[in-house]
Amino acid sequence: MVPTITDIRTERVKRRRVRTIYFDSECALTITEETYLRFGLSVGQALDAVQLHDIGLTDGIARAREQALRLLNYRMRTRKELEQRLRQKEWSDEIITQVIKRLEESDLIDDKRFARLWVDERLRLKPVGLNLLRRELRRKGIDPDTAESVLKEYDDRDDEVTRAYALLHHRYNQYAELPPTVARRRMTGFLARRGFDHGIIYHVVHRIFDDFKEPNV
């Protein structure tokens with residue numbers, strides 16, 4: 001038997017107008033005003049399973065999109081981050097896929113732009129190497145190809161040497177009294193943790209020793 005709408009009530013949920021639809025006097029679903037108007041629902045109307053699915057999907061997409069937009073208003077997010085947050089709110093994969101697709105089509109999600117902004121901000125705040133940035137971007141859910149494409153724009157050896165040297169120069173006094181082998185090992189480990197590759201580390205550590213020659217080094 002195809003369910004028939006027996007009542008439609010207007011309510012307010014969190015200051016928003018919604019419609020609660022009743023079938024055979026039992027509450028079946030609550031939808032947004034936009035969904036209600038879009039489908040032109042009315043008392044006495046019969047709805048089959050396909051129509052009910054379409055109404056639920058359309059309403060879910062609208063609600064999930066609003067939640068996604070609120071998250072994006074707070075800060076820019078990657079596709080993966082947004083998917084995870086929507087999944088935490090228990091939206092179905094079908095709804096999440098549609099929301100993400102529409103946000104990407106509207107350029108409200110752009111992983112490449114996010115990656116550029118992330119790298120710019122990280123380099124502005126503290127000198128780090130590309131290896132660390134690469135790991136951070138992947139943790140954020142940036143596709144490896146996208147991450148590499150962005151990092152290629154920053155792949156300047158002279159710039160990396162300058163950043164690595166600045167880090168060691170600032171910390172040199174922590175190593176100055178150590179035996180040379182210990183100092184080299186700790187400098188190397190420090191720069192490696194900051195994401196610099198072995199070639200740059202080797203060059204910078206030797207340069208630091210040349211620039212700060214002490215009797216015990």
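Charge dipole (Cα centre; +1 on Lys/Arg Cβ, -1 on Asp/Glu Cβ; no other charges) of the chain amounts to roughly 980 debye. When the chain is described by a simple charge dipole with +1 on each Lys and Arg Cβ and -1 on each Asp and Glu Cβ, the residue from 84, 169, 28 located farthest towards its positive end is 169.
Pairs exceeding a 31 Å alpha-carbon distance, out of 80/152; 101/126; 89/112; 14/112; 14/126: 101/126; 14/112; 14/126.
Return the tail of the calculated pair distribution for the range 60-147, meaning the percent of Cα-Cα pairs more than 17 Å apart.
Numbers: 1860 of 3828 pairs.
Tail of the P(r) past 17 Å holds 49 percent of the pairs.
The charge dipole of the range 60-107, taken about the Cα centre with unit charges on the Cβ atoms of Lys, Arg (+1) and Asp, Glu (-1), comes to about 200 debye, rounded to the nearest 20.
For the pair the range 130-161 / the range 1-52, the C-alpha centres are spaced 50 Å from each other. Sorted largest first, the spans of the alpha carbon positions of the range 111-152 along the three principal axes are 24, 18, 18 Å. This model, with +1 at the C-beta of Lys and Arg and -1 at the C-beta of Asp and Glu, gives the range 9-101 a dipole about its Cα centre of some 820 debye. For the chain, the residue among 129, 108, 151 whose Cα projects farthest onto the positive side of the dipole built from Cβ charges is 129.
Taken together, the values in this text are just the output of simple stated rules run on the coordinates, not laboratory data. Note that the structure is predicted; figures quoted are calculated from it, not measured. A quick note on method: Cβ atoms are made from the backbone with ideal geometry, for glycine too, and the neighbour counts reach across all protein chains shown.
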